[in-house]
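All of the numbers you see were taken from the coordinates with simple rules; none came from a lab. All figures in this text were calculated on a predicted structure; none of them were measured in a lab. In this analysis, Cβ positions are derived from the backbone assuming ideal geometry, glycine residues included, and neighbour counts consider all displayed protein chains.
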């Protein structure tokens with residue numbers, strides 16, 4: 001989280017306003033991931049998910065991409081708004097996950113979301129002292145593994161699809177890291193104390 005406030009240049013979002021943008025984007029990830037699973041992919045399995053390739057010979061439900069992005073956005077919510085807002089975002093996301101998941105996946109979806117985001121929080125918070133990019137990367141990897149294992153075990157009783165789930169989420173985290181590094185540099189240029 002930024003340690004001091006500063007007058008913003010005209011047309012620039014304040015750090016707090018930027019945090020609420022991240023919060024809105026994080027919250028939007030839940031319905032977007034649920035929608036993508038049923039509508040976006042190179043192949044849509046009848047009565048099943050739409051999948052897309054995440055590595056040679058490995059496919060995953062398209063929603064996993066958005067889950068990876070959600071892990072990064074939760075970190076940015078915490079950075080801008082603080083831990084309390086981050087926990088509130090996790091609770092809201094968990095409720096949305098339970099409300100929007102298909103009937104047969106409600107428990108798996110909600111529990112996986114809750115545990116993965118809490119894992120992300122628990123890893124990100126102490127690692128932030130070592131640097132923002134490192135904290136986002138490591139906490140995202142921890143969160144994606146918890147999300148994938150918990151969801152697959154609860155939903156299907158099998159880890160058969162673990163590689164695709166993990167790779168798809170990892171791609172989104174990796175793609176977000178240059179933006180996270182840019183945010184850190186920008187904050188430093190604005191005179192904020194940064195991790």
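Rounded to the nearest 10 degrees, the inclination of helix 132-156 to the longest alpha-carbon principal axis of the chain is 20 degrees. Kirkwood analysis of the stretch 90-177, using all unique Cα-Cα pairs, places the hydrodynamic radius at 13.3 Å. In percent, rounded to a whole number, the relative contact order of the chain is 24, using alpha-carbon pairs under 8 Å and six or more apart.
Applying a 10 Å radius around every beta-carbon, put 70-78, 48-56 in order of their mean neighbour count, most first. All intermediate terms of the calculation are to be shown ahead of the outcome.
Values: 70-78: 26.9, 48-56: 16.1.
For the peptides 70-78, 48-56, the packing ranking is 70-78, 48-56.
Helix 83-100 versus the longest principal axis of the chain: what is the Cα-based angle in degrees, 0 to 90, to the nearest 10? Here the helix axis deviates by roughly 20 degrees.
Relative to the longest principal Cα axis of the chain, at what angle does helix 162-189 sit, 0 to 90 degrees, rounded to 10? Its long axis makes an angle of about 10 degrees.
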